[in-house]
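Engineer: Please see the structure below; I have some questions.
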Amino acid sequence: GEQVEQRPPHLSVREGDSAIIICTYTDSATAYFSWYKQEAGAGLQLLMSVLSNVDRKEEQGLTVLLNKKDKRLSLNLTAAHPGDSAVYFCAVLGSNYNVLYFGSGTKLTVEP
Amino acid sequence: ETAVFQTPNYHVTQVGNEVSFNCKQTLGHDTMYWYKQDSKKLLKIMFSYNNKQLIVNETVPRRFSPQSSDKAHLNLRIKSVEPEDSAVYLCASRHWGGSFEQYFGPGTRLTVL
């Protein structure tokens, strides 16, 4: 099945800085990619998703980049603030077009 | 309010007991999932149901059994829990044939003593 690697496992930035999280995946036929945010004790909040025909998507201070050649997906939080502190997960759709395969998570800490 | 709801929020039990978790979505979706999140935060699919029919059953011990009464509800029963079942169980849903986006509930945290 799909293998997803995510890095870094921990990321600490100062308020106003950018934070970049990267995932790599193995199945070149993957058609859908998403990013989730999980705050302490909570479920997963869908942040953004893209289909494989999209290279770049920006929304509300978040940028998702998809490099299909390198099978790499990234999330860039521009001008991070303390409320962005959480665990972030990438998730890619398996070849059955049904199940999501998740990265191992990145714990982001934004210091004031 | 339209969302994915899970009960209970948490449950503490002893080895060998039976537990049941409930999930309900009011998003009008027809496909629902159970994911397990372990103590290292790793997320893995357990089951997927479409219109009350099981379509995905990953390698999960037989003591786990999902139950769906209709497309808005997907429950999870665990017979004779084991210590390694301690985890957060997350329910999700989506509309089959529409967007691939999956929406998650808040999770049920199970602790097995």
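Engineer: Under the Kirkwood approximation applied to all pairs of distinct alpha-carbon atoms, what is the hydrodynamic radius of the range B:45-109 in Å?
Structural biologist: 12.9 Å
Engineer: While we're on this one: With the dipole of the range B:1-110 worked out from charges on the C-beta (+1 for Lys and Arg, -1 for Asp and Glu) around the Cα centre, which of B:VAL81, B:SER20, B:ASN9 lies farthest toward the positive end?
Structural biologist: Value computed over the given set: B:VAL81.
Engineer: Further question: What ranking of B:SER48, B:SER39, B:SER68, A:SER95 emerges when the number of other C-beta atoms within 10 Å of each C-beta is taken as an exposure proxy, fewest first? List each step's numbers first, then the result.
Structural biologist: On the way: B:SER48 25, B:SER39 9, B:SER68 18, A:SER95 13.
Lowest count first: B:SER39, A:SER95, B:SER68, B:SER48.
Engineer: For chain B, what log10 I(q)/I(0) values come out of the Debye formula at q = 0.09, 0.10, 0.13, 0.19 1/Å, with one point per alpha carbon and no solvent?
Structural biologist: Here log10 of I(q) over I(0) equals -0.21, -0.26, -0.44, -0.93.
Engineer: Can you put A:TYR101, A:TYR36 in order, fewest other beta carbons within 10 Å first?
Structural biologist: A:TYR101, A:TYR36
Engineer: Determine the shape class of chain A: with a ≥ b ≥ c the square roots of the Cα gyration tensor eigenvalues, call it rounded for a/c under 1.5, and otherwise prolate if a/b is greater than b/c, oblate otherwise.
Structural biologist: Prolate is the answer for chain A, as a/c is 1.5 or above and a/b outweighs b/c.
Engineer: Which trypsin sites (Lys or Arg not before Pro) from the range B:1-100 combine a DSSP loop assignment with at most 11 other Cβ atoms within 10 Å?
Structural biologist: Answer by residue number: B:LYS40, B:ARG62.
Engineer: Follow-up question, since we're still on this one. Counting other beta carbons within 10 Å of each residue's own, what order do A:VAL50, B:VAL15 fall into, fewest first?
Structural biologist: Working: A:VAL50 17, B:VAL15 11.
Ranking A:VAL50, B:VAL15 by Cβ neighbours within 10 Å, fewest first, gives B:VAL15, A:VAL50.
Engineer: Expressed as a whole number of Å, what is the distance separating the alpha-carbon centroids of the range A:83-108 and the range B:31-104?
Structural biologist: 16 Å
Engineer: Along the charge dipole of the protein assembly as shown, pointing to its positive end and built from +1/-1 on Cβ of Lys, Arg, Asp and Glu, which listed residue (B:PHE100, A:SER28, B:SER65) has its Cα farthest out?
Structural biologist: Checked the options; the winner is B:SER65.
Engineer: Can you give the net charge of the other residues whose Cβ lies under 14 Å from the Cβ of B:GLN53, counting K and R as +1 and D and E as -1?
Structural biologist: 0
Engineer: Of A:LYS68/B:LYS44; A:LYS37/B:LYS44; B:LYS24/B:LYS71; A:LYS37/B:LYS71, which pairs sit farther than 19 Å apart, going by alpha carbon to alpha carbon?
Structural biologist: Too far apart for the 19 Å limit: A:LYS68/B:LYS44; A:LYS37/B:LYS71.
Engineer: Provide the percentage of antiparallel DSSP beta bridges, counting only those with both residues in chain A; round to the nearest 5.
Structural biologist: 90 percent
Read-outs: derived from the displayed coordinates by stated rules, not from any lab. All figures in this text were calculated on a predicted structure; none of them were measured in a lab. Glycine gets a Cβ as well: all are built from the backbone with ideal geometry, and neighbour counts include every protein chain shown.
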